[in-house]
């Protein structure tokens, strides 16, 4: 029999203390029944003797210390999972909110998941063509990678994420594909942008949406990405699908975490974020990947807005230490009107080396990529110098590099959110731009490849 | 049996009562699932326990049982090629038991109990042995002969010993100890991870650990038995540097600790190392590697233990007389684990919430490195080098973990995000990095490689320093304002950076460079510089000198295979001379 307690002692912010409780376990899911019959959910944060500290997932409004009843479920927070989730819309707690028929779950899964044994992972190495030159050519995405987009307020990260979702494919394969989208504390308009884009392309039937809008309880944001990832794990590892997970916006998630930590009066790390922010984010991001015993994969694109465009802010900083690279958006490119406005130099994909080359993309990929990077870096330096000293002060070679950098931005970075370039087009474009420079500067490309691919006209 | 009951659960911290008779740092088993934990504080009969597994589902009243032994590792044949978690549970074996995800309460012994090893006895029956003496060996892999030693603090007469095939737990011999007790020897011993294994004497390190990484060996070398740290912001290539060291360092054994890092990185090591050949032995690199993986999503308390587990295994092989390198990626994550536990214990925080004992714990870890004379009457020497990555938040090295580390270690390889953006790898900043071993190692380099090795590497550093000063001038007034000689210096420095310091970890012949080839390559760069200076003095145009076609050949010289380099480099030198001579002649004809 499930016991009901009427012993709520304290409610403060998202926390609630219940006394005289027996047999409650750490991390257990609880329910609070309000006098008016409403049911709210909570999770055990600490068991201390017979006192239990719980974290509410929804607002505390209406909780009455004398009359509200608390029940504990005997298990953690779970997501009822089924392949029928595809095409459906859920709230941040995993409840269906699209008004459709109830889903009959095949399984109930703990939303915290369990760590993947590193000995059981496959190393991601299958090239995903996104059709975006700055990603395919320079920061290649592979299946099972977690590659965040670092954006700033006002930058078109949503368009970029939608473009990736629309265009991403593994060439020469037609395996089962799904998108899991988690909206964490974003506005209705932004969520609507994604939903209507998915509808337009017909991807909506292969998409599971978890929506926590800015108006929804902030605390629910702690569970939203976990719900989404649990659904993704189910689809990937039990239904053998290739799942692309888009989570936006991680900054809102971290703020919800900070709210709970502050309410618990924990010793903060940097900028008031809890000391365990790294570990907590890692338990989300590390759920991406491929593992033995399953055909499927989880590729993750979390989006976060950097406060004040500051890459050293704890959220982007800790994310960068966990994820396998980052795509950084640049306000400068955006102002120039170059879309998608990717800041090429600090962007990085750590897994690209094993996903490119002969048999995967093309033999000249690695060399041209390095050459484009170093050429663009040198061109940017030359341009900075030019701002200070004028063009005349540059050496002839530096002037060439400056020209190269301009052309690179205008043609390579700039494409449009609806242009879908194949990898060959991207690579050939790279060669064409490199040919602005003299052949002798191609120190990072093998001579035989220069002979083969150097544009002749 | 000491048994207590749980009072409080808060994340990885559990408080149990009824534990008055338990010892500090004893391992306990928590709850029905028998999760592994360790006592880290005692108050009256209440013990604070850090639990090495996820504590969801634990509640008040659950039973805690003490094992009455501190957290220990099993040391014996079978460690090499294996991958363990932070408390030495074998991940491959766990995968067989529980599938691709790590579930709770799995109990698998660290060393395979079913595997049979062939033991060859070398000590004679009746011999008088002291602690650390070798009684025989097992061929653990093709490259490591695993010596079976008398455990520390045990000397006596060997009353029985036999060769043959044994499991790790079988008795291979007996020793009558000095106090009359009988000690049964097996292939395996246990050692508490938080206690450094003893040695006879510590020695100053005098021999370099050759890494094949040009910027490290030439400019900032590390000694065998030395300590180094690699701090850098994300994306600056810390992990690639660490992997390169693990692959190419000329040590007998590498213990690689993935401490709170990405799962895929450990998978990469696990899949790639067996394919790679050690340039010295031509055997698979995995045959000299032990992996410890406590990735960032695995329980945080075990992360704290992982670096001790790793260094204890390394010390054990050092005791056999081997040169061992411990590579820890990343010590910042370890420090964060420390911080998290400290916060849960409600301790008074120091800087940025880290506990006040952060520095002393770090120092204790790095001080376990060193070149030593091992226990045992043959006075064999072993070395343990420790290299730790540090992940400073925002790349700001003024944060506590980096600063605490810098006070202890002797080598600092500072990674620089700006270099990484330019794809200059390894992105070790030559202006702020340092090695305090340079002087101590100089006799070795002078004797083994070239008399003027130190002089030449000194010139490299000087050239790079001058370059940074000249760059300042260029930023203010432009390159045209420089004298011809200064412009040439800039060209030479650029060549040194691009043609010598830059090294591509993913390209076959460039990934590892032998010391003599490093020396020749450095000489090649300076040779051009010297000759070009002379040519400019004799009237050649600086721009034309900089544009000489032979410079492209210098640029490609680093990827010339080792077997051909001597011949090729000589040809390049000749070409430099000839092409410069043509320029001089042309210039003089014009005059």
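Surrounded by 14 or more Cβ atoms within 10 Å (Cβ to Cβ) and within 14 Å of chain B (Cβ to nearest Cβ): does that describe residue A:86? Answer is no for this residue.
Exactly one residue out of B:318, B:277, B:288 is away from every other protein chain (no Cβ under 14 Å), surrounded by fewer than 24 Cβ atoms within 10 Å (Cβ to Cβ) and in contact with a strand residue (DSSP E or B) (Cβ under 8 Å, 6 or more places away or on another chain), and it is B:277. Applying the criterion of being without any contact (Cβ under 8 Å) to a residue 40 or more places away in the chain and within 8 Å of another protein chain (Cβ to nearest Cβ) to the residues of segment A:301-319, the residue that is surrounded by the most Cβ atoms within 10 Å (Cβ to Cβ) is A:317. Reported count of residues in segment B:9-52, each being over 36 Å from the mean Cα position of the chain (by Cα) and in a loop (DSSP other than H, G, I, E, B), is 8. Only one entry of B:56, B:131, B:121 meets the criterion of being farther than 15 Å from residue A:119 by Cα, without any contact (Cβ under 8 Å) to a residue 40 or more places away in the chain and in contact with a strand residue (DSSP E or B) (Cβ under 9 Å, 6 or more places away or on another chain), and that entry is B:56.
The conditions of being out of contact with any strand residue (DSSP E or B) (no Cβ under 8 Å at 6 or more places or on another chain), part of a helix (DSSP H, G or I), away from chain A (no Cβ under 14 Å) and under 30 Å from residue B:317 (Cα atoms) are not met by residue B:464. Look at residue A:161 and say whether it is surrounded by fewer than 22 Cβ atoms within 10 Å (Cβ to Cβ) and in a helix (DSSP H, G or I). Considered against the rule, which asks whether it is surrounded by fewer than 22 Cβ atoms within 10 Å (Cβ to Cβ) and in a helix (DSSP H, G or I), residue A:161 comes out as no. Scanning segment A:193-222 for residues that are under 26 Å from residue A:83 (Cβ atoms) and out of contact with any strand residue (DSSP E or B) (no Cβ under 8 Å at 6 or more places or on another chain) returns A:196, A:197, A:199, A:200, A:201, A:202, A:204, A:205.
Residues that are surrounded by 20 or more Cβ atoms within 10 Å (Cβ to Cβ), under 27 Å from residue B:346 (Cα atoms) and within 12 Å of chain B (Cβ to nearest Cβ) within segment A:232-266 comprise just one, A:261.
To keep it simple, each residue is scored yes or no on (1) crowded, with 24+ Cβ neighbours inside 10 Å; (2) part of a strand (DSSP E or B); (3) away from chain A (no Cβ under 12 Å).
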residue	(1), (2), (3)
B:225	yes, no, yes
B:230	yes, yes, yes
B:241	yes, no, yes
B:258	yes, yes, no
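Matching residues to (1) under 21 Å from residue A:229 (Cβ atoms); (2) surrounded by 18 or more Cβ atoms within 10 Å (Cβ to Cβ); (3) without any contact (Cβ under 8 Å) to a residue 60 or more places away in the chain:
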{"residue": "A:13", "(1), (2), (3)": "no, no, no"}
{"residue": "A:59", "(1), (2), (3)": "no, no, no"}
{"residue": "A:62", "(1), (2), (3)": "no, no, yes"}
{"residue": "A:79", "(1), (2), (3)": "yes, yes, no"}
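Is there a residue being farther than 18 Å from residue B:49 by Cα and more than 12 Å from chain A (Cβ to nearest Cβ) anywhere in segment B:328-339? Looking through segment B:328-339, at least one residue is farther than 18 Å from residue B:49 by Cα and more than 12 Å from chain A (Cβ to nearest Cβ).
Does residue B:375 meet the test of being more than 14 Å from every other protein chain (Cβ to nearest Cβ) and touching a helix residue (DSSP H, G or I) at 6+ places or on another chain (Cβ under 8 Å)? For residue B:375, the condition - more than 14 Å from every other protein chain (Cβ to nearest Cβ) and touching a helix residue (DSSP H, G or I) at 6+ places or on another chain (Cβ under 8 Å) - is met. The sole residue among A:216, A:280 that is within 20 Å of residue A:55 (Cβ to Cβ) and in a loop (DSSP other than H, G, I, E, B) is A:216. Tell me, yes or no, whether segment B:379-391 has at least one residue that is under 30 Å from residue A:399 (Cβ atoms), within 14 Å of chain A (Cβ to nearest Cβ) and either touching a helix residue (DSSP H, G or I) at 6+ places or on another chain (Cβ under 9 Å) or surrounded by fewer than 22 Cβ atoms within 10 Å (Cβ to Cβ) (or both). Scanning segment B:379-391 turns up no residue that is under 30 Å from residue A:399 (Cβ atoms), within 14 Å of chain A (Cβ to nearest Cβ) and either touching a helix residue (DSSP H, G or I) at 6+ places or on another chain (Cβ under 9 Å) or surrounded by fewer than 22 Cβ atoms within 10 Å (Cβ to Cβ) (or both).
Identification of strands (runs of 3 or more DSSP E) wholly contained in segment B:111-164 with 2 or more residues that are within 16 Å of residue B:317 (Cβ to Cβ) yields B:134-139, B:145-149. Filtered by the rule that a residue be part of a loop (DSSP other than H, G, I, E, B), under 26 Å from residue B:120 (Cα atoms) and under 35 Å from the mean Cα position of the chain (by Cα), segment B:166-211 gives B:167, B:168, B:169, B:170, B:187, B:188, B:197, B:198, B:199, B:200. Within segment B:70-87, does at least one residue satisfy the condition of being within 8 Å of chain A (Cβ to nearest Cβ), under 23 Å from residue B:256 (Cβ atoms) and surrounded by 19 or more Cβ atoms within 10 Å (Cβ to Cβ)? Yes, segment B:70-87 contains at least one residue that is within 8 Å of chain A (Cβ to nearest Cβ), under 23 Å from residue B:256 (Cβ atoms) and surrounded by 19 or more Cβ atoms within 10 Å (Cβ to Cβ). When the criteria are applied in full, residue B:49 meets the requirement of being surrounded by 15 or more Cβ atoms within 10 Å (Cβ to Cβ), within 14 Å of another protein chain (Cβ to nearest Cβ) and either within 24 Å of residue A:55 (Cβ to Cβ) or at pLDDT below 90 (or both). Annotation: residue B:234 fulfils all but one of (1) in contact with a helix residue (DSSP H, G or I) (Cβ under 9 Å, 6 or more places away or on another chain); (2) surrounded by fewer than 22 Cβ atoms within 10 Å (Cβ to Cβ); (3) farther than 25 Å from residue B:276 by Cβ; (4) modelled with pLDDT under 95; the unmet one is (2). When A:383, A:354 are checked against the criterion of being in contact with a strand residue (DSSP E or B) (Cβ under 9 Å, 6 or more places away or on another chain) and either surrounded by 17 or more Cβ atoms within 10 Å (Cβ to Cβ) or not in a loop (DSSP other than H, G, I, E, B) (or both), A:354 stands alone in meeting it.
Quick test of your reading of the structure: residue A:332 fulfils all but one of (1) in contact with a helix residue (DSSP H, G or I) (Cβ under 6 Å, 6 or more places away or on another chain); (2) more than 7 Å from chain B (Cβ to nearest Cβ); (3) in a helix (DSSP H, G or I). Name the failing condition by number. Among (1) in contact with a helix residue (DSSP H, G or I) (Cβ under 6 Å, 6 or more places away or on another chain); (2) more than 7 Å from chain B (Cβ to nearest Cβ); (3) in a helix (DSSP H, G or I), residue A:332 violates only (1).
Taking the numbered list (1) surrounded by 22 or more Cβ atoms within 10 Å (Cβ to Cβ); (2) assigned to a helix (DSSP H, G or I) in turn, residue B:454 passes all entries but (1).
Would you confirm whether or not segment A:337-346 contains a residue that is at the interface with another protein chain (Cβ under 10 Å from one of its Cβ atoms) and either over 23 Å from residue A:437 (Cβ atoms) or surrounded by 24 or more Cβ atoms within 10 Å (Cβ to Cβ) (or both)? Within segment A:337-346, one or more residues are at the interface with another protein chain (Cβ under 10 Å from one of its Cβ atoms) and either over 23 Å from residue A:437 (Cβ atoms) or surrounded by 24 or more Cβ atoms within 10 Å (Cβ to Cβ) (or both).
Take the conditions (1) touching a residue at least 40 places away in the same chain (Cβ under 8 Å); (2) under 29 Å from residue B:103 (Cα atoms); residue B:367 misses just one of them, which is (2). Checked against (1) buried (at least 20 other Cβ atoms within 10 Å of the Cβ); (2) within 14 Å of another protein chain (Cβ to nearest Cβ); (3) over 16 Å from the mean Cα position of the chain (by Cα); (4) outside any helix (DSSP H, G or I), residue B:419 passes all but condition (4). Restricting attention to segment B:356-413, the residues that are part of a helix (DSSP H, G or I) and closer than 16 Å to residue B:432 by Cβ add up to 5.
The values are calculated or read from the model by the stated rules, or taken from the named source; none is laboratory data. Note that the coordinates shown come from a computational prediction; the quantities given were computed from them, not determined experimentally. All Cβ positions, glycine included, derive from the backbone under ideal geometry; neighbour counts span all protein chains shown.
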